[in-house]
Structure formats: structure tokens, C-alpha cells
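Everything below concerns the one structure shown next.
Readers should treat all values here as calculations from the given coordinates under stated rules, not as data from a laboratory. Because the structure is a prediction, the values reported are computed rather than measured. Positions of Cβ are generated from backbone atoms using ideal geometry, with glycine treated the same way; all protein chains shown enter the neighbour counts.
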Amino acid sequence: MTNCVWCQQAFQPRVTLRDILTWRPLPVPPLCTRCQDKFTPITAQHCPACGRQQETIAVCHDCERWGTAALRNRALFRYDAGMKAYMQQYKFQGDYALRKALQAPLQQALEQENYDVLVPIPIDQQTWLTRGFNQVTGWLRGQPYQQALVVRATHKDQPQSAKTRAQRLLTPQPFQLDPRIASDLVNQRVLLLDDVYTTGRTLRHAATQIYLGGAKAVTSLTLAR
Ligand SMILES: [Zn+2]
Ligand SMILES: [Zn+2]
């Protein structure tokens, strides 16, 4: 028996024949099946620019309208009620144990991506003080990354949720390159990693800075869309 990191209930992990035949210590799943089922994976039919689930593989209306069609983002799960509840508890209540819930799917997704340097979206000083961890790097299990971006010190802003969509798209560049790491980006394929794709604004600003650092390609991966 093991305890689910989300609901705390004890559960019996499922053991498959392959687990038995590999003769290795069994991986302990972090979530019970009921909590696992709260996440909805995004399937092959998604917008190639923002990663949203849809019926076709064409660029979606939002991406065309908001000029984000040139980006290429992949998202793992839908940002639905289950994912919102998860993010609420992990990020805003600071439940650090919940990072384990999405480490395995992220690892699988990273193994399928072609990139040289992984760059997580940073959090600002205020968030460090209140949350104490970067929710994005919490999902990594030792995969190498470069914290090439830092949040500008002068970046004092209203929360995203307090703004209209148009205001959000107009907000100024929140990031700058860390000069100690910038040279590592020259001629590299960079993969940005973030939690939720909402308008694409954050990733677009981040990509602009990474390109200024000399990267030859920038794509992104988010846990939710
Ligand atoms: Zn559970
Ligand atoms: Zn799209």
C-alpha cells in the first residue's frame, strides 16, 4: 500500500506482468487511479502553434487572431477543472509534494522533444518569497536545464487574472537574459518549459529574449493548455 500525494488515500499500486518480469524495484505511482483520472491528456489532434485540443491539426483561430501562429507549443493536458484544482493546490497553496504527480508524464514528453537546452520560465522574487519553489522546475527529475531567463527587477505588475485579454497581450517584456548563461544559447535549439499556456504572451516574450541570445530555434512545452 502507498499513499496518493493528492488525496492522501492509501491505495494498492497496480502491478503488471512486465513489472514482475523486469526484476527491478517497482516504481511507486504518486497518484491513485481516481486522482490520475482528473487529468485529461491532449491527443494527437491539437493546434500545432499553441497545443490546444481540437478536432483538426490546423492552426487554431486564437493563434491566427493573436499572431502566435509562428510559435510551436506542445501541451500535455487540458486546462480543465481537474488541472485547475491541481494547480491551485500545488502553486497557490504551495503543496510541494504534488510536483511528483506530473514528473513521469513530463519526463516522457521531454524524451520525445528535440532540443539542446531546456529553459524553464522563471518566477519573480515575490513568488519565491511566498511559494518557496519554482513550480516548473519542481516537475523535473534531474534533467539538466539552464535558468537563462530572470524576471526583471522593475517588473511590478497586476496579476494576469486582473487584466483583460488585450491588456495582457500588450504588457511589456518581463524577462531578461542572465548574462552568465546567455553564451550557452548561441546556435542552440532551446525548449522553453512552462506550467499553463493561456495567451502565449509569456512564452512569446521569453522566446524573444532567447532569440536575442543567439539561439537558432525556440519551441515550448507546457503542462496544460
Ligand atoms: Zn488520490
Ligand atoms: Zn492555437
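Annotation for ALA153 and LEU26: the two label points, set 7 Å from Cα along the Cα-Cβ direction, are 5.3 nm apart. Beta-bridge orientation, the chain: approximately 30 percent antiparallel, per DSSP, counting only bridges with both partners inside. Taking the centroid of alpha carbons for each part, segment 63-90 and segment 188-225 are 13 Å apart.
Using Stokes-Einstein with the Kirkwood hydrodynamic radius over Cα pairs, what translational diffusion coefficient do you get for the chain at 10 °C and a viscosity of 1.306 mPa s, in µm²/s rounded to a whole number? Can you show the working numbers first?
On the way: Rh = 18.8 Å.
Translational diffusion coefficient: 84 µm²/s.
Applying the Karplus relation 6.51 cos²θ - 1.76 cosθ + 1.60 with θ = phi - 60° to segment 200-209 yields 3J(HN,Hα) values of x, 4, 4, 5, 5, 4, 4, 4, 4, 5 Hz, where x marks Gly and Pro.
Please report the relative contact order for segment 38-224, taking Cα pairs under 8 Å with a sequence separation of at least 6, and give it as a percent rounded to a whole number. Could the numbers behind the result be given before it?
Working: 297 pairs, mean separation 42.7, N = 187.
Relative CO of segment 38-224 lands at 23 percent.
A Förster radius of 41 Å, combined with the Cβ-Cβ distance separating GLN45 from GLN126, puts the computed FRET efficiency at roughly 0.60.
Rounded, prolate or oblate: which one fits segment 23-142, using the alpha carbon gyration tensor with axes a ≥ b ≥ c (rounded when a/c is under 1.5, else prolate when a/b beats b/c, else oblate)? Mind dumping the intermediate values first?
Details: a/c = 1.59, a/b = 1.31, b/c = 1.21.
Prolate, since a/c reaches 1.5 and a/b exceeds b/c.
With a/c under 1.5 counting as rounded, go ahead and sort segment 97-136 into rounded, prolate or oblate using the C-alpha gyration tensor (a ≥ b ≥ c being the square roots of the eigenvalues; past the cut-off, prolate if a/b is larger than b/c, else oblate). Walk me through the numbers before you get to the answer.
On the way: a/c = 5.56, a/b = 1.58, b/c = 3.51.
The shape class here is oblate.
Compared with the dominant Cα axis of the chain, that is its longest principal axis, helix 103-112 is turned about 60°. Determine the calculated [θ] at 222 nm for the chain from helices alone, applying -39500 (n - 2.57) to every DSSP H run no shorter than 4 residues and normalising by the residue count; nearest 500 deg cm²/dmol. Computed ellipticity for the chain at 222 nm equals -6500 deg cm²/dmol. Other residues whose C-beta falls under 11 angstrom from the C-beta of VAL186 contribute a net charge of -1, scoring Lys and Arg +1 and Asp and Glu -1.
Between ARG72 and ARG141, the modelled label-to-label distance comes to 2.7 nm, taking each label 7 Å out from Cα in the direction of the beta carbon. Legend: P(r) of segment 183-225 from all alpha carbon pair distances, 10 Å bins from 0, whole percents, reading 32, 50, 18, 0.
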